[in-house]
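> Can you read through this structure? Questions will come right after.
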Amino acid sequence: MKNKLITDIPLLDSSESVAPHTEAHTPCTTPKITEDNALPHQRKLYIESFGCQMNFSDSEIVASVMLEHGFGTTSNHLEADLIFLNTCAIRDKAEQTIRKRLMQFNVIKRKRPDLLIGILGCMAERLKHKLLEEEKLVDLVAGPDAYRDLPNLVFKVDDGQKALNVLLSREETYADIAPVRLNSNGISAFISIMRGCDNMCTFCVVPFTRGRERSRSPYTILAEAQELFDKGYREVTLLGQNVDSYKWTNLERGQKLEELQEPKIEVNFAQLLEMVAKIHPDLRVRFTTSHPKDMTDEVLQTMAAYENICKYIHLPIQSGNNRILKLMNRNYTREWYLERIAAIRRILGNECGLSTDIISGFCTETEAEHQDTVSLMDAVQFDMNYMFAYSERPGTLAAKKYADDISPEIKRQRLEEIISHQREHGHNRNKLDVGSTQKILVDGYSRRSQEHLQGRTSSNKVVVFPKENAKIGEYVMVYIEDCSSGTLLGRLV
Ligand code: 5AD
Ligand code: SF4
């Protein structure tokens, strides 16, 4: 099945982020939907996923759980018996978009009262009873750790009972569930390696909606990656809110060392990365998201040691000013961040792709502090940047402790300045690739022409080139002849 993106629904506005595609915990407001997988007698499920890649990955777990219990999937909401929205709560605008979508599905439900509408994910976790009982917009509510319970929740709705499970878990990693690949090109897939987040950045709702951090067993991660490779996939992206703090041990929570029947094993992120890279030199390995406070030289050295670990790091800075970083509880300084960038350049060279996240207009940010962010961007020259105006989220530490006192107008002005610097930096960085030859994994046709193919460089840049005899799913060498601010243009060598 080919990718299916809903692009023709006017109310879905993706202008909030200028991201060309989504990253691990970088939201996008364009939903992705399920594909057709249902047998004629089965009840049909249609899932729309909003937000970060973790949500898209979770929807593949949801589809798997539902298929196991006799449901099928469909890409057409009009023929669905169940509609699940896997939601994002990271900014108010994401929630508003999803609300509008819920309203649309409720219009359909008025004509078809048997249609079951469920809300999953971060917004479900955040709003809990509100959508079910107060507003009566949904029949079912399931938080990110409750997906095994979904079939049971559906049967509760069938029985006329309240169907809500928003319990967060300290253990659940869905490790044993083989995701059903949705919207897959058969070449790249996401593998969730951990869940939750313990960082408590003051602006962020994720620790409240996704719960405590826990790492998935490396054995199941390796088995999943191996299976993907055997099926012809050539790229996996390891997903976590903070992959650098991945830590798995065979000593279970509460278990004493002397109770362990085997030697104690601990696996950190650098070790996991190496294990996945060793599956096959033709399997590209990517990961996201890294955290500046936790990203070690060991990870960078592992990246350097394996050609198939892609030379690209998403390292959110959020602000270039130390007072604001402290208010955000990011636990690093501007100087520390710049030192991590220097380490990337030292160990991986200038070709390593770099992207970041930036928030404009966080509580009490002054013009001079905003200029610190701009000057940091100028110094680093990111290849890509996911840029957002601060949006206060109820329940977060920032909402409790600080006034959201920067006007929308100033937030917007600062954001525009950040975006315009980024455009220049992205273009500068692309120009550096002109004249080089790059190894590309071909992942599809160019958006503009069937005569052109496209793929990504190790550094995660999109390259478009005349197709000649190249095939989707293959590695090719491309000489880069030209570039725009977003794309490299080349020809096969
Ligand atoms: N307002 C604006 N942006 C936010 N992000 C997270 N929370 C907020 C918020 N309340 C951004 C951060 C994060 C990315 C996923 O979303 O930049 O890295
Ligand atoms: Fe949110 Fe910070 Fe955790 Fe990222 S690291 S999910 S921004 S709390």
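> Sequence neighbours fewer than 8 away in the same chain don't count; with that in mind, list the lysines whose C-alpha is under 17 Å from K400.
Correct list for K400: K326.
> Related question: What aspartates and glutamates could a cross-link reach from K278, if we take a straight Cα to Cα line under 12 Å and drop same-chain neighbours fewer than 8 places away?
Straight-distance partners of K278: E307.
> Set the bar at 26 Å for Cα to Cα. Now go through K136/K156; K231/K311; K411/K461 and name every pair that lies beyond it.
Where the Cα-Cα span goes over 26 Å, the pairs concerned are K411/K461.
> Next up: Where the only charges are on Cβ atoms (+1 Lys, Arg; -1 Asp, Glu), what is the dipole of the range 273-407 about its Cα centre, to the nearest 20 debye?
With only Lys, Arg, Asp and Glu charged at Cβ, the dipole is about 340 debye.
> Turning to a different aspect of this structure: For the chain, what class follows from the C-alpha gyration tensor (a ≥ b ≥ c being the square roots of its eigenvalues): rounded when a/c is under 1.5, otherwise prolate if a/b is larger than b/c, else oblate?
Cα axes put the chain in the rounded bin.
> Now for a separate question. Could you give log10 I(q)/I(0) at q = 0.15, 0.19, 0.22, 0.24 Å⁻¹ for the range 437-492, computed by the Debye formula over C-alpha point scatterers of equal weight, without solvent?
Scattering profile of the range 437-492, log10 relative to I(0): -0.31, -0.51, -0.70, -0.85.
> Select from the range 175-246 those trypsin sites (Lys or Arg not before Pro) which occupy a DSSP coil region and have at most 15 other Cβ atoms within 10 Å, ordered by residue number.
R212, K231
> Over what distance in Å are the Cα centres of the range 413-483 and the range 244-313 separated?
29
> Can you order the peptides 110-122, 149-161, 319-331 by their average number of other Cβ atoms within 10 Å per residue, highest first?
319-331, 110-122, 149-161
Where a number appears in this text, it was derived from the coordinates with a stated rule and is not lab data. Given the structure is predicted, the values throughout are model-derived calculations rather than measurements. In this analysis, Cβ positions are derived from the backbone assuming ideal geometry, glycine residues included, and neighbour counts consider all displayed protein chains.
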